[in-house]
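Here the structure comes first, spelled out in structure tokens, and everything after it is commentary.
The values are calculated or read from the model by the stated rules, or taken from the named source; none is laboratory data. Keep in mind it's a predicted model, so treat the numbers as computed, not measured. Don't worry about glycine lacking a Cβ; one is built from the backbone with ideal geometry, like all the others, and counts go over all protein chains shown.
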């Protein structure tokens with residue numbers, strides 16, 4: 001793709017760039033900015049500037065006679081020289097052989113940020129030993145591809161566990177058809193795995209909806225106390241089974257947002273709090289206005305806490321601090337990721353405070369006025 005684009009651009013620029021009355025492009029003087037050369041017609045400058053990516057024209061002495069702002073931003077050009085050694089070598093090779101080349105470069109981000117950016121470049125020969133370089137930053141595209149691959153791999157792994165369990169349990173039921181007690185026991189396990197699979201699929205669908213920027217929210221005025229009550233009701237049976245008391249207090253606050261998403265986020269926080277708390281403990285839900293246009297909804301438990309090393313990763317999809325315990329509690333590893341996306345869709349954030357052995361507090365900070 002990059003090579004084809006480079007050839008097309010090269011053909012167009014060849015027709016515009018050169019003055020045939022000047023077979024040798026002039027050198028840039030010490031005080032002449034890159035691009036201020038009579039070897040380039042005004043029309044060629046417009047064409048190069050209109051291209052989406054970076055464009056660079058290099059003369060026979062490896063000096064840059066034209067470079068777009070994007071070329072400087074990506075670090076391909078410094079002063080009047082090609083700044084990336086591999087790219088400079090490709091320019092010389094193309095000039096010598098008359099072919100065209102495509103290559104992928106890892107360019108240091110410099111002061112703009114740590115790490116490197118990935119740039120796909122195409123190098124095309126022009127007339128009179130000029131060479132055209134086009135480049136495009138594909139760092140974000142590569143990152144998203146990696147995220148998609150990881151997501152597909154994780155989903156496949158997560159789905160395989162309950163599906164495999166259901167298959168084995170079905171075989172066990174068949175083998176134990178003459179033992180009613182065993183059949184009931186295996187059937188109960190099948191129901192448990194089926195419920196786990198249903199929960200995983202539903203959360204995958206919910207997460208997909210939240211990550212779709214084109215999907216509008218159903219924004220209305222929402223009573224925060226009503227959101228809290230609905231989320232608590234959804235988890236009450238599970239909490240009572242562990243003799244966990246959920247404490248709330250009315251706030252009288254209202255905000256504008258998507259009620260369903262807000263209930264889902266708070267329910268997920270409460271589900272985690274109950275799942276990772278010992279029996280006969282308390283979970284508290286606190287609501288307060290911050291005074292600067294935001295409201296904080298906090299869920300505090302007396303559970304096992306989260307190690308410092310894991311606290312930055314708990315909001316990642318499928319990340320589990322303790323995979324074995326997550327299997328026991330039936331967690332999917334998606335609940336906190338959903339909370340994070342709900343907060344982001346509302347223009348807010350979710351934060352965590354936790355001490356191992358002392359419990360955790362997750363806080364949803366939401367604007368009173370929805371921003372998405």
Return the only residue of 127, 71 being touching a residue at least 40 places away in the same chain (Cβ under 8 Å) and touching a helix residue (DSSP H, G or I) at 6+ places or on another chain (Cβ under 6 Å). 127
Test residue 42 against the stated conditions and say whether it is surrounded by fewer than 19 Cβ atoms within 10 Å (Cβ to Cβ) and modelled with pLDDT of 50 or more. yes
Filter segment 120-142 for residues that are out of contact with any strand residue (DSSP E or B) (no Cβ under 8 Å at 6 or more places or on another chain) and under 15 Å from residue 107 (Cα atoms) and give the result. 140
Output yes when any residue across segment 349-368 is at pLDDT 90 or above and assigned to a loop (DSSP other than H, G, I, E, B), and no when none is. no
Conditions (1) farther than 14 Å from residue 346 by Cα; (2) surrounded by 19 or more Cβ atoms within 10 Å (Cβ to Cβ); (3) not assigned by TED's automatic domain parsing to the domain that holds residue 361: number failed by residue 210: (1)
Of the conditions (1) modelled with pLDDT of 75 or more; (2) over 22 Å from the mean Cα position of the chain (by Cα), the single one that residue 161 does not satisfy is (1)
Quick one: residue 105 ticks every box in (1) crowded, with 21+ Cβ neighbours inside 10 Å; (2) under 34 Å from the mean Cα position of the chain (by Cα); (3) part of a strand (DSSP E or B) except a single one, so which number is it? (1)
